[in-house]
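**Q** Encoded as structure tokens, here's the structure I'll be asking about.
The values are calculated or read from the model by the stated rules, or taken from the named source; none is laboratory data. Values in this document were obtained by computation on a predicted structure and should not be read as measured data. Note: accessible area is taken over every heavy atom of the protein model, side chains too, but ligands, DNA and RNA are not part of it. Shrake-Rupley method; radii C 1.70, N 1.55, O 1.52, S 1.80 Å.
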Amino acid sequence: MHRETPSCPERVDWDQRGIRMGSVGAEGRKEATPALTPEGNVVMSFSFESYQLEEEDSQTKDVPDKGVLTFTEPAFEVPEPQDHYHGIYFAMLLAGVGFLLPYNSFITDVDYLHHKFKGTSIVFDMSLTYILVALVAVILNNALVEMLSLHTRITVGYLFALGPLLFVSICDVWLEQFTKKQAYAINLVAVGVVAFGCTVQQSSFYGYTGMLPKRYTQGVMTGESTAGVIISLSRIFTKLLISDEKKNTIIFFFISISIELMCFILHLLVRRTRFVHYFTSRAKRGLAEVKGHTDPGTGYRVHHDVITEEDNGLIGVSPTEAGTEAEFAGSGTYVRFDVPKPKIKRSWPSIRDMILHRYIVSRVIWTYMLSIAVTYFITLCLFPGLESEIRNHTLGEWLPILIMAIFNMSDFVGKILAALPYDWNGSRLLLFSCIRVVFIPLFVMCVYPTSKPAFTHPAWPCVFSLLMGISNGYFGSVPMIQAAGKVIPEQRELAGNTMTVSYMTGLMLGSAVAYFAYNLTSHSSCFNSDSANNSFTSGY
């Protein structure tokens, strides 16, 4: 740009505006005002309003830090996309279906398992296998959250879930290629593989939805209960409509496989939507919904060198920088266009940094972590192990199927209720989660003593299962939903993964307690006589 002489009135106008910018910074930014000089040249005049001054890094310029002030033009913020027709919410609900449906498929056909592996603790063994493998998987996923992409972890989870479902339904249930001992071992291995895949998928999804608005975390957790409802209804109708146990079990498994494939395809479509990309990108960049945040690399910067100002005039030399600059002689002011984006080197964090990040997040959400762990610990002490052992002379094998269906449906209702806009205090959540321990003695009295339980009527376990399911759905969802909102956006994926570690820890401890309690009491015939005096290896 042409340098103007100090006598030029347009140059004086620019200098006066520059002084006001450097000293006050309160003028409004207006449209560029062109002014012609006597020589026919054009000078552009700018003014600014309410834009924050920034300190320029002056170490490379050998001037004090407070000497250079920078005005940064904010980039226009992209409008927040909307979830039209609630399609994204529905997709997240189906995601929740996808990562609990495979395990539910293995344990809900309890009648088939009891018939094929009669006299064994197959349901307890499956539950404990699932939880132990799942705990290892969720810890591994939490460690790799910064190393592997979200999409990679979720895709691997779906593949690990679909493989065992296909293998067991075709090779074991349909073709019956294995002996009883081999089938027992294969079913446990299949449950272990499903546990690994689905838990990596589940933990990743909670980190995923932690970057989205709160209602989408609630949608995923509602999907978990929806999986139980779908599987329970599927098992009831296949058993009612088809009398042949082998055929209805094959159809039952293929329904599960079809739903799992649909969930996977829907995930591949949804992750590419503008809505998901907007929120995940914002969280990863660490933007905290601050209006007017500057995107380096767009717009331009106007610099004003206040060191060269003197009372009698302005004597300045523009600093030398890379990029296209328009310099105004003697004013100490220049306009720089095409500001380069800062180069960011991406590398894996150190072990110390990873531990520190998790410690910082855990200090904020520890009450929510304990609350969800206690909730699922109490539930897994009773479901599915102890509930599968409740018998009735009239209903027979139908009673455990009905009890599980009631639990899954009431759990679904509880997760829907978790969407109600009530901000729970972490300590209060923990207190209510602990009160649920009353369900343990109530269910024990439904099976003890074996000859004549305290609660003999089948309505009692149904009512207890209903109440336990509603409370499990509600107090198992609220901590997960609210925990992500307690940390800054860039920590929400990690918070979701950390909450999943607590969730799986509660599941593992509850399942372990149920398993060992079963083994201790089976020798004294505390439970059903068909499954007494059997241990983990009894299937072999």
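**Q** Full-extension gain between K486 and I170, please, as 0.36 nm times their residue separation minus the C-alpha to C-alpha distance.
**A** The span from K486 to I170 would gain 109.1 nm if fully extended.
**Q** Excluding same-chain pairs closer than 8 in sequence, count the lysine pairs in segment 85-272 whose Cα atoms lie under 21 Å apart.
**A** Close lysine pairs under the 21 Å cut-off: 14.
**Q** Can you tell me the equivalent ellipsoid semi-axes for segment 363-478? Use √(5λ) from the Cα gyration tensor, largest first, whole Å.
**A** 29, 15, 10
**Q** Separate question: Leaving ligands, DNA and RNA out of it, rank K116, K452 by accessible area with a 1.4 Å probe, largest first.
**A** Solvent-accessible surface, decreasing: K452, K116.
**Q** With every protein chain left in place and a probe of 1.4 Å, what is the accessible surface of M504, to the nearest 10 Å²?
**A** 0 Å²
**Q** Could you put D109, D244 in order of accessible surface area, largest first, with the 1.4 Å probe and the full protein assembly present?
**A** Values: D109 0, D244 70 Å².
From most accessible down to least: D244, D109.
**Q** For E176, E493, E260, give me the order by solvent-accessible area with a 1.4 Å probe, most accessible first, ignoring ligands, DNA and RNA.
**A** Solvent-accessible surface, decreasing: E176, E493, E260.
**Q** Considering only protein heavy atoms, what is the solvent-accessible area of R282 at a probe of 1.4 Å, reported in Å² to the nearest 10?
**A** Estimated to the nearest 10 Å², R282 gives 30 Å².
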